[in-house]
Amino acid sequence: MMKRLVAAAVFGLFVTLTAAQAAMPEKLSYVMLKEGEPVGTHTFAFTQQGDALQVDAESHSKAKVFFMTFIYDHTRRETWKDGQFESLVSKTDDDGTPHEVSVSRQDDAIVGTADGTAVSLTADALPVTLWNKAVLKTGTLYSALDMGPMKVKVTGPKRETVKINGQDMEADYYFMEGDLVRHLWYAPDGTFLKTEFKKKGFKIEWVLQP
């Protein structure tokens with residue numbers, strides 16, 4: 001189990017190397033927990049194409065809150081080139097409400113459409129894609145669901161020991177606050193290990209799986 005985690009961790013090199021140089025894993029998979037109970041999965045699949053990195057993300061969850069059941073299905077494709085965000089296309093079913101986003105980098109801006117409406121953000125804005133530690137270094141993020149912009153501040157790292165699949169692992173802890181609040185843990189080489197946050201008053205976690 002630990003060997004698989006360490007092998008997957010090589011993706012953290014992407015943060016400091018170009019996409020062409022970095023050794024990426026094929027896939028990172030996470031279990032989504034609500035108050036400790038599994039409610040869904042999130043995956044990142046990586047494909048190297050020359051100097052471009054294609055990242056296919058999927059998120060699927062089904063959670064009961066009192067007498068209601070909420071279903072969330074999201075797929076997106078990100079493209080990064082030489083460590084720089086280039087484009088994103090996503091489709092989401094947010095408990096029956098559909099969303100579609102298509103944006104790309106053009107000169108000094110991120111432009112495109114969200115649910116048919118034109119959008120434009122500054123070039124330093126990044127999608128909330130937690131596999132890449134670059135999200136910790138910019139103060140402007142946006143939702144891949146609807147392109148809603150979020151101003152954030154990040155503090156850290158603080159070295160901690162975190163339990164992943166029953167194994168204690170050394171991790172760098174970061175706290176993101178502002179329009180988006182997330183507790184984040186990364187392996188020392190950059191591997192995204194875990195996040196924790198509140199949603200509708202419930203504790204939600206994503207934890208890396210072997």
Query raised in the report: Taking the stated definitions as given, is residue 103 β-branched (Val, Ile, Thr), over 21 Å from residue 206 (Cβ atoms) and touching a residue at least 40 places away in the same chain (Cβ under 8 Å)?
Result: yes
Query raised in the report: Based on what the data block shows, is residue 125 modelled with pLDDT of 90 or more, small (Gly, Ala, Ser), touching a Pro at 6+ places or on another chain (Cβ under 9 Å) and more than 26 Å from residue 200 (Cβ to Cβ)?
Result: yes
**Report entry** Hits in segment 145-190 (condition: more than 13 Å from residue 135 (Cα to Cα), surrounded by fewer than 16 Cβ atoms within 10 Å (Cβ to Cβ) and among the acidic types (Asp, Glu))
**Finding:** 160, 168, 170, 179, 189
Requested in this report: Assess whether residue 55 counts as being of a type in the set (Val, Ile, Thr), farther than 30 Å from residue 189 by Cα and crowded, with 19+ Cβ neighbours inside 10 Å.
Outcome: no
Query raised in the report: Quick check, is residue 69 among the β-branched types (Val, Ile, Thr), at negative phi and modelled with pLDDT of 95 or more?
Result: no
Query raised in the report: If a residue has to be in a strand (DSSP E or B), surrounded by 14 or more Cβ atoms within 10 Å (Cβ to Cβ), more than 12 Å from the chain's Cα centre (by Cα) and not hydroxyl-bearing (Ser, Thr, Tyr) to count, how many in segment 110-144 make the cut?
Result: 6
Requested in this report: Identify, by number, the condition in (1) over 19 Å from residue 29 (Cα atoms); (2) assigned to a strand (DSSP E or B) that residue 56 doesn't meet.
Outcome: (1)
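The values are calculated or read from the model by the stated rules, or taken from the named source; none is laboratory data. These numbers were taken from a predicted model, which means no experiment stands behind them. Cβ coordinates were reconstructed from backbone atoms using ideal geometry, including for glycine residues, and neighbour counts include every protein chain displayed.
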